[in-house]
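Note sheet for the following structure.
The values are calculated or read from the model by the stated rules, or taken from the named source; none is laboratory data. The shown structure was predicted, so the numbers you read here are calculated from the model rather than taken from an experiment. Here the Cβ positions follow ideal geometry from the backbone for every residue, glycine too, while neighbour counts run over all protein chains shown. What goes into the accessible areas is simple: the full protein's heavy atoms, side chains included, and nothing from ligands, DNA or RNA. Shrake-Rupley method; radii C 1.70, N 1.55, O 1.52, S 1.80 Å.
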Amino acid sequence: MERPPRLIDVARAAGVSLATASRAITGSHGVSPSLAAHVQAVAAQIGYVPNSHARALAGGQTSIVGLVVHDVGDPYFGEIARGVLRETEQRGYLALISQTERDPRAELSRVRALRAHRVTSIVLAGSGYIDASAENPLAAEVRSITASGGRVAVIGRHHLPVDAVLPDNAEGGATLMRHVLGLGHRRIGVVGGPANLTTVEDRLAGLRDAAGAAGLDWGRVPVVDGDFTREGGARAVAELIGAHPSLTAVIALNDPMAVGALSWLLGSGRRVPSEVSLAGFDDIPLAADVFPALTTVRLPMVAMGRQALDLVLKPPAARPRRRRTGHELVVRASTGPAP
């Protein structure tokens, strides 16, 4: 089988030295634009493809960005990944995506695997953990990466000492509670997510603060935890309504849970919203397509991915940068006046 063209073949065909060919292909300084264009044209003509792994061994880095998310099947992370991929494509990078299923040990393993493949720019997307000690091994790994010249940025994390994009979780929760209260609801329940996540804690804090400001005793608001999935939402709302059948409004802490809750409510004969109003969080694309369409808090998920990628490709600052997102209440048909 004929071997693929090598860099030395490009140099010979272009009539330049191997070093000049290398600088022209990689866009390094020291080669005029016209000569670089000539070498690149010759490379394309003979079918030369740069070996990024070899370049990593020589230069210590690659044009690959690592993206580590909690769950690739969760539309929230799909939208974030879309933002990262748009930005990598514009900048000439390739994204390598992996998931952790919300397991801190798996997260550490994925980051170490990326380092082993000489990936020096890593974005971690997904909630941190209320128990900061759960992230201590990862924090040590992150410090090692940055100390050796690598870069890490996070989305939705509080405890890691790196640049971060921080969603409007608490403020969004407060906005959602004010909306439901404004419709006259006082018998309100919450379908929560995994109790060990800071995202859940922050969204609950926003709900609690807004309830307290309106004179509603938070102790009388039942909360049932579940997985951040459609199935988790269905199970949690079944438990919630089973224990508190007089509820007139349910708030789910993410949209997949809200979709599962909606399916269960309708399947059990509850009318939404005339009997029970329902709201979610994030505004994933599916939220507008279910019936009735889902009232939710919109986070700029695609923009969050782009911002994180921008941060991880910037030179480090003296102190970790924090970029906080906005949020928007999107009122649809799933919420209405209290019966």
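Structure summary
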item	result
Neighbours by Cβ (under 7 Å, 6+ apart or cross-chain): first from segment 296-310, touching a residue at least 60 places away in the same chain (Cβ under 8 Å); second surrounded by fewer than 21 Cβ atoms within 10 Å (Cβ to Cβ) and of a type in the set (Ser, Thr, Tyr)	Val297/Thr175; Leu299/Thr325; Met304/Thr325
Within segment 288-306, considering residues that are in contact with a helix residue (DSSP H, G or I) (Cβ under 8 Å, 6 or more places away or on another chain) and part of a helix (DSSP H, G or I), the one surrounded by the most Cβ atoms within 10 Å (Cβ to Cβ)	Gly305
Any hit, segment 271-287, residues being modelled with pLDDT of 95 or more, open to solvent by less than 50 Å² (accessible area, probe 1.4 Å) and in a helix (DSSP H, G or I)	yes
Candidates Gly193, Gly233, Gly212, filtered to the one that is of a type in the set (Gly, Ala, Ser) and open to solvent by 40 Å² or more (accessible area, probe 1.4 Å)	Gly212
Some residue of segment 115-123 being in a helix (DSSP H, G or I), in contact (Cβ under 8 Å) with a residue 12 or more places away in the chain, surrounded by fewer than 15 Cβ atoms within 10 Å (Cβ to Cβ) and not acidic (Asp, Glu)	no
Segment 24-62, residues that are of a type outside the set (A, V, I, L, M), modelled with pLDDT under 85 and in a helix (DSSP H, G or I)	Thr26, Ser52, His53, Arg55, Gly59
Selected residue (only one of Val224, Val200 is open to solvent by less than 30 Å² (accessible area, probe 1.4 Å) and more than 18 Å from Gly156 (Cα to Cα))	Val224
Glu239 vs. criteria closer than 20 Å to Leu294 by Cα and not small (Gly, Ala, Ser)	no
Candidates Arg82, Arg102, Arg86, Arg143, filtered to the one that is part of a loop (DSSP other than H, G, I, E, B) and open to solvent by 40 Å² or more (accessible area, probe 1.4 Å)	Arg102
Residues within segment 128-140 that are among the small types (Gly, Ala, Ser), open to solvent by 10 Å² or more (accessible area, probe 1.4 Å) and in contact with a helix residue (DSSP H, G or I) (Cβ under 7 Å, 6 or more places away or on another chain), tallied	1
Residue satisfying condition, being under 25 Å from Ile97 (Cβ atoms), over 21 Å from the mean Cα position of the chain (by Cα) and surrounded by fewer than 16 Cβ atoms within 10 Å (Cβ to Cβ), within set Pro315, Pro337	Pro315
Residues located in segment 90-120, provided they are acidic (Asp, Glu) and over 18 Å from Ala153 (Cα atoms)	Glu101, Asp103
Subset of segment 313-325 [touching a strand residue (DSSP E or B) at 6+ places or on another chain (Cβ under 9 Å), more than 19 Å from Gly78 (Cα to Cα) and not charged (D, E, K, R)]	Leu313, Pro315, Pro316, Ala317, Pro320
Condition met for Val65 (outside any helix (DSSP H, G or I), over 13 Å from the mean Cα position of the chain (by Cα) and not aromatic (Phe, Trp, Tyr))	yes
Ala106 aliphatic (A, V, I, L, M), closer than 30 Å to Ala252 by Cα, in contact with a helix residue (DSSP H, G or I) (Cβ under 7 Å, 6 or more places away or on another chain) and modelled with pLDDT of 90 or more	no
Residue in segment 205-222 that is closer than 15 Å to Gly280 by Cα and in contact with a strand residue (DSSP E or B) (Cβ under 6 Å, 6 or more places away or on another chain) present	no
